[in-house]
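Report on one structure; see the data block that follows.
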Amino acid sequence: MKKILYFLLLFAFGLSSCEKDDICDGNTPTTPRLIITFYDITNPSIRKSVTRLKVIGEGQPEGVVFNKNSIDETRYLTSSDSIAIPLKTDADTATFEFILNSGSANATLTNTDKIKLNYTRQDAYVSRACGFKTIYRLDTQTPFEKTDSGNDGIWLQQIQVQNPNIEFENETHVKIYF
Amino acid sequence: MSKYIFSIVLLCSVFWIQAQEIQTDTVTKKMSSEKLKVTSEKTVLATTTDSIPVKTDRYGLRVGVDLYKLTRGFYDKGYKGVEFIGDFRLTKKYYLAAELGIEDKTTDDDRLNSTATGTYVKGGFDYNTYENWLDMENLITVGLRGGLSTFSQELNSYKIYNSTPYWGDNPTVTGGEKYTGLTAAWAEVALGLKAQVFNNVFVGFGFQLKLLIANKKPDGFDNLYIPGFNRTYNGSFGVGFNYTVSYFIPIYKKKVLPEIIETPKK
């Protein structure tokens, strides 16, 4: 009888150590975002920070969140040299408005450009807890289409695909020179 | 008849131990019941010592079915399965044991819904650790098994995990891919209890701790449930449970050597 008790204990320990795979770990690489890095057009090897950049997806009421901790408009603004934007998991194109100097006091500084990204999608298995993720591949023919939105000239002067396979977030996929 | 009553007591005593784990204030209750048990055993002894019986061990084949798997289909819509069990007594303590089963299980996780269908076979031995009184034939066994399963998996639906759901919530995607020709092999430690409740009819239950040895996973998916092995975890660990009813078919008898010879061995 004692033996059975011991084994029951072992059984219980075994169960407890195995239940953790029911929660998707935040560090697990799941659906990646598109990583864009900004460079100086006059000195292409140097990274350049944008100023008050706001990125809004077409048809979305709010911009892409860049500062999770802010509560006001600055939540959607960034002044860094790289951004991560989410693509659609259920469509092969995603269109974004890139607004430089968004909400600036000097309205002439504000410049809006539109980029449409074309890609193919593939669903890949992650784990029991996380389910599947979507990985993307930018179209080889026309990975992006940029248009001026608002007749203020194009500030995204040159766009270059660095890595068309969007699978992880630790590498740059697209380089933008301005 | 009294020996079957004892068998039932044996079966129940396991539940008493489990109950004791939860409630600590039932110790006195358990003590008294144990005393009762001892006295009943003594009376059995007293009535049979009049004529010294020649103790014989019966050898044969026991076949049965797992009621847990069989009845689970009634209350679990995602499950259909049956397991047949069998063992053959080799020596006084050792039994050759095998299980054969078929399962159809739909696993519904938060983000995945998949169905595994397949058959499995397990083979090995049981060692009876229980010293029986007189001609009783109860078993408390520790055994080892090797298991093999061939199965297929169907991915019914899945959800895409997106940590930044900017474009709205991700809808559930209907899969429909079927992955066939999958196999898995494992080893397990089986703990079991079987008590004779009627003539040649045994009721028992068992726990199994399983260790996955080989697991052929499909491309782009995982084996979330393996028939016979049950749910898989991150590692190679698994558990199982069964509740069996079996019938013993006696084939031959062996006389047990007088106990005078057996005692110095201890």
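All of the numbers you see were taken from the coordinates with simple rules; none came from a lab. Model, not experiment: these values are computed from the prediction. Using ideal geometry, Cβ is built from the backbone for each residue, glycine included, and neighbour counts are taken over all protein chains shown.
So if each residue of separation counts as 0.36 nm, and I subtract the Cα-Cα distance between B:VAL54 and B:SER236, what length gain in nm does that give?
Values: separation 182, 0.36 × 182 = 65.52 nm, distance 4.89 nm.
Once the chain is fully extended between B:VAL54 and B:SER236, it gains 60.6 nm.
How do A:LEU77, A:LEU87 rank when sorted from fewest to most other Cβ atoms within 10 Å of their own Cβ? Please report the intermediate quantities before stating the final value.
Working: A:LEU77 21, A:LEU87 25.
Placing the least packed residue first, the sequence is A:LEU77, A:LEU87.
Mind giving me the FRET efficiency for A:GLU62 and B:ASP108? R0 is 45 Å, r the Cβ-Cβ distance, nearest 0.05 is fine. It would help to have the intermediate numbers written out before the result.
Numbers: r = 34 Å, r/R0 = 0.75.
E between A:GLU62 and B:ASP108, to the nearest 0.05, is 0.85.
How far is helix A:2-16 tilted, in degrees, relative to the longest principal axis of the Cα atoms in chain A, given as a value from 0 to 90 rounded to the nearest 10?
Value to nearest ten degrees: 10.
Which order results if B:PHE84, B:PHE202, B:PHE207, A:PHE168 are arranged by neighbouring Cβ count within 10 Å, fewest first?
Values: B:PHE84 16, B:PHE202 22, B:PHE207 19, A:PHE168 12.
If I rank by nearby Cβ atoms, fewest first, I get A:PHE168, B:PHE84, B:PHE207, B:PHE202.
Where Lys and Arg each count +1 and Asp and Glu each count -1, what net charge lies around B:THR244 among other residues with Cβ under 12 Å from its Cβ?
Numbers: positive: B:ARG62, B:LYS69, B:LYS194; negative: B:ASP66, B:GLU83, B:ASP87, B:GLU99.
Combined, the nearby Lys, Arg, Asp and Glu give -1.
Calculate the FRET efficiency for A:SER80 and A:ILE23 from the Cβ-Cβ distance with a Förster distance of 30 Å, rounded to the nearest 0.05. Mind dumping the intermediate values first?
Values: r = 31 Å, r/R0 = 1.03.
With a Förster radius of 30 Å, E is 0.45.
State, to one decimal in nm, how far the label point of A:THR147 lies from the label point of A:THR108, with both points 7 Å from Cα in the Cβ direction.
2.8 nm
Pull out the extension gain between B:THR164 and B:ASP135, defined as 0.36 nm times the separation in residues minus the alpha carbon to alpha carbon distance; nm, one decimal.
Details: separation 29, 0.36 × 29 = 10.44 nm, distance 6.94 nm.
Value of the extension gain: 3.5 nm.
So how far apart, in nm, are the two label points at B:ASP222 and B:THR150 if each is 7 Å from Cα heading toward Cβ?
2.7 nm
Relative to the present Cα-Cα distance, how much length would full extension add between A:ASN69 and A:ASN170 at 0.36 nm per residue of separation?
Working: separation 101, 0.36 × 101 = 36.36 nm, distance 2.18 nm.
Extending this stretch completely gives an extra 34.2 nm.
Would you mind telling me which residue in A:THR51, A:THR89, A:THR142 has the biggest mean-square fluctuation in a Gaussian network model of chain A, where springs connect alpha carbons within a distance under 10 angstrom?
Maximum fluctuation in the GNM of chain A, among the listed residues, is at A:THR142.
Identify all aspartates and glutamates with a Cα-Cα distance to B:LYS255 below 19 Å; exclude those on the same chain that are fewer than 8 residues away in sequence.
Within the straight-line cut-off, B:LYS255 pairs with B:ASP57, B:GLU131, B:ASP135, B:GLU137.
Along Cα→Cβ, 7 Å out, is where each label goes; now give me the distance between the ones at A:GLN157 and A:THR95 in nm to one decimal.
Taking the two extended label points, one gets 2.7 nm.
Restricting to lysine pairs 8 or more places apart or on different chains, what number in region B:61-251 have Cα atoms under 12 Å apart?
Step by step, the pairs that qualify in region B:61-251 add up to 5.
Determine the distance separating the Cα centre of region A:93-137 from the Cα centre of region B:99-175; give it in Å without decimals.
41 Å
Quick check: Cα centre of region B:192-225 to Cα centre of region A:42-72, how many Å?
Spelled out, the Cα-based centre of one part sits 55 Å from the other.
Sorted from fewest to most neighbouring beta carbons within 10 Å, what does the list B:TYR158, A:TYR177 look like? Each step should come with its number before you reach the end.
Numbers: B:TYR158 23, A:TYR177 16.
Least crowded to most crowded, the residues run A:TYR177, B:TYR158.
Students often check this: by mean Cβ neighbours within 10 Å, which of A:24-35, B:97-108, A:65-76 ranks highest, and how do the rest follow? Mind dumping the intermediate values first?
On the way: A:24-35: 16.9, B:97-108: 18.7, A:65-76: 12.2.
Top of the packing list down: B:97-108, A:24-35, A:65-76.
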